[in-house]
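The block underneath contains the structure these notes are about, expressed in structure tokens.
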Amino acid sequence: MKKVLNASIARIVLSLLLLIILSAMVGLVIFAYSFLSKTSEEVGKMQTEAIAVDAKIQSLLASKSQLDRNSDTVKKAKNIVSESKLYQYQNQIIKDLNTYADRAGIPIKAFSFQNEPTTSAKTAKSSKRTPASPAGVKSTFVSIQLGDHIDYTKFLHFLSLIEKNVTRMQLLGVSISRGANNHEISIQSLEVKVYTR
């Protein structure tokens with residue numbers, strides 16, 4: 001028995017084939033659209049991240065060029081705090097204080113280093129509040145024993161040199177009394193706070 005394709009059956013078969021092809025095309029277009037929209041979102045995110053990274057790089061380059069332009073300021077900033085590698089910083093502190101004393105014309109007899117201020121500096125500190133040390137900066141205290149019969153103006157010059165240092169040292173306390181001469185003083189204690197890294 002032979003099946004004969006007549007025009008109505010052929011039209012139905014062709015219509016079904018056309019519907020199947022159209023459905024497949026619509027499904028393919030929907031799939032392609034969702035795939036492209038996801039890819040577009042990912043590309044947008046990557047582009048936003050790339051812009052942010054580029055801005056960070058530009059900021060870092062600007063900071064680097066500013067540091068290069070202000071290299072002398074960077075060197076000064078490194079000198080603000082003494083290095084505390086072993087006891088090397090003590091030698092540097094002694095050298096600095098001896099330099100200031102020589103400039104002022106004052107003899108220094110001895111130095112003593114401690115982690116806490118002496119009692120005279122503690123009582124002076126309790127009446128006047130000193131700011132806390134910045135993060136990563138430690139401090140040590142130096143008690144200085146000066147010679148007897150010191151000229152008052154030379155002593156003031158010595159204190160001025162300590163205070164005008166690149167903020168590596170800060171005068172904590174001084175105990176003085178009048179000397180035998182009008183221009184002379186006797187110093188019982190002088191304490192300096194030194195910032196170290």
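Could you check the stretch 58-90 and list, in sequence order, the residues that are at pLDDT below 80, in a helix (DSSP H, G or I) and open to solvent by 70 Å² or more (accessible area, probe 1.4 Å)?
T73, K75, K76, K78, N79, Q88
Would you mind telling me which numbered condition in (1) open to solvent by 40 Å² or more (accessible area, probe 1.4 Å); (2) closer than 19 Å to A110 by Cβ I162 fails?
(1)
For residues in the stretch 114-139 being within 25 Å of L156 (Cβ to Cβ) and at pLDDT 70 or above, which is most open to solvent (accessible area, probe 1.4 Å)?
S139
For residues in the stretch 146-175 being assigned to a strand (DSSP E or B) and within 39 Å of the chain's Cα centre (by Cα), which is farthest from N91 (Cα to Cα)?
Ranking the qualifying residues of the stretch 146-175, first place goes to S175.
So I93 clears everything in (1) part of a helix (DSSP H, G or I); (2) open to solvent by 50 Å² or more (accessible area, probe 1.4 Å); (3) at pLDDT 75 or above except one condition, right? Which one?
(2)
The values are calculated or read from the model by the stated rules, or taken from the named source; none is laboratory data. Just so it is clear, the structure is predicted and the values come from calculations on it, not from any experiment. Every residue, glycine as well, gets a Cβ built from its backbone with ideal geometry; the counts of neighbours run over all protein chains shown. In case anyone asks, the SASA skips ligands and DNA or RNA and just uses the protein heavy atoms, side chains included. Shrake-Rupley method; radii C 1.70, N 1.55, O 1.52, S 1.80 Å.
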